[in-house]
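Here is the structure we will look at.
The values are calculated or read from the model by the stated rules, or taken from the named source; none is laboratory data. Being a predicted model, the structure only gives us computed values, none of them experimental. Here Cβ is always computed from backbone atoms with ideal geometry, including for glycine, and neighbour counts include all displayed protein chains.
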Amino acid sequence: MHALRRIVPTALASLAVSACSSMPPLEAVERVDLERFMGDWYVIANIPTFLEKGAHNAVESYELDSDGTIATTFTFRDGAFDGPVKTYTPRGFITSESNAVWGMQFIWPIKADYRIVYLDETYSTTVIGRNRRDFVWIMAREPQIPAARYDEIFTMLGDVGYDVSEIQRVPQQW
């Protein structure tokens, strides 16, 4: 009976923690005009994947292919502004009628969750997130964005469950 008094509270605490840690799906924007979204996006800040740690001058480029998929080219300099150029070419697959949720395929057959969670009306700033809130990319058509816009996005990401202490600026110098 004494052991039961220790086990039950521990089990209940574990259930409570696991229930609190599951987040609702990350809401994507209502609609994306793919033609307007295509082109170059400078990565302003991110929670980097292992591939992009230390990236400088990171740019993600999208091109809509005739089959409806998105040819993607991710280019950056590794470790410094004069570091070696790295290029990755995943493919995006639209998975929602809104065009705001994609499967991004780096390696067949795996398609990673990729959600356009913020897009300003001029298509000059966007945020790509994931339901797991493990990675995020703040991107813009120019290599810098106004501090007020960055702060607004940073706050929004915290509000939707991201650990904003993990977000890192990506050095851009052109």
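In the range 1-44, the residue that is farthest from T87 (Cα to Cα) out of those that are among the hydroxyl-bearing types (S, T, Y) and modelled with pLDDT under 90 is T10. Here the range 67-86 is the region considered, the condition is being in contact with a Lys or Arg (Cβ under 6 Å, 6 or more places away or on another chain) and in a loop (DSSP other than H, G, I, E, B), and the residue that is nearest to R169 (Cα to Cα) is G83. For the range 45-67, a residue qualifies if it is surrounded by fewer than 12 Cβ atoms within 10 Å (Cβ to Cβ) and either among the hydrophobic types (A, V, I, L, M, F, W, C) or under 19 Å from F81 (Cα atoms) (or both), and the qualifying residues are F50, K53. Restricting the first member to the range 55-66 and to residues that are in a strand (DSSP E or B), and the second to residues that are surrounded by fewer than 16 Cβ atoms within 10 Å (Cβ to Cβ) and at pLDDT below 95, the beta-carbon pairs closer than 9 Å and six or more apart or on different chains are N57/W174.
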